[in-house]
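Everything below concerns the one structure shown next.
The values are calculated or read from the model by the stated rules, or taken from the named source; none is laboratory data. Keep in mind the model is a prediction, meaning the values are calculated, not measured. Note that each Cβ is placed from the backbone with ideal geometry, even for glycine, and that neighbours are counted across all protein chains shown. Areas reflect the complete protein model, heavy atoms only, side chains present, ligands, DNA and RNA absent. Shrake-Rupley method; radii C 1.70, N 1.55, O 1.52, S 1.80 Å.
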Amino acid sequence: MRTLSRAGALCAVATAAFLAVPSAHATPPGDNGTVKIHDASTGEELRKNEPHVCTFYLDAFGFDAVQEVDWHIEAWAPTAAVKGETVKSGAITLDGDGHGRTQDLALPDGHYKLFWNFDGEKGAAKHKVFWTDCESDENEEGGGPGSTPGTSASPSTTPSASPSTPDDGSPEPSSTASAGAVASPSPQGGASGDLAETGSGAPVGLLSGLAAALVAAGGYLVFRRRRSA
């Protein structure tokens, strides 16, 4: 009997000790989430923090379902004119998965700190420090300071096609028309260089030879008549 009583007492003590020790995997409600700074062009599925942004939003993960959050952003050293001054604030209710995001936000270039407070908070507020730097982004997209978008790099050197008009209202002669009048026409008969044919088109040399033959024949006939007489 004593052995059974001692065994029962030991089991009761062990059970009580086991129930008194919290599970190593248990997380207090309210403190089991995280918040990230995301560039406005970053998707909500990314759980990486982006501490250098221009336009941005706050992205929360892993909080309790339908948890209500109050947040504010303070100006921070070394760029803050007044450290700790609240420059933006808001509130958000997370969805059934403990996820939510704010609308896109914008702040002047500088250093800031986010404070994220929520219902059921057990310890200090969640917080993140980050920089906004829109000026460097604009310089990278626009080709650096001093560049003027939409202007041509080299002026046009093509002269105007229309003739200029003097003060008396009479237009000056076109240089194109003058050049066309001076140009000589191409020779007839192609590029062989021969003289143009005239009249019936017979060659001049052939006509000269025929004339010489007729003169010779006439002289021969006159010579024979004189000799026979």
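Tabulated data for the structure shown
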| read-out | value |
| --- | --- |
| Pairs, first under 11 Å from Gly33 (Cβ atoms) in the stretch 59-86, second of a type in the set (A, V, I, L, M, F, W, C) and open to solvent by 30 Å² or more (accessible area, probe 1.4 Å), C-beta under 7 Å, six or more apart | Val69/Ala91 |
| Residue among Thr34, Thr15 that is modelled with pLDDT under 95, surrounded by 12 or more Cβ atoms within 10 Å (Cβ to Cβ), β-branched (Val, Ile, Thr) and more than 14 Å from Thr132 (Cβ to Cβ) | Thr34 |
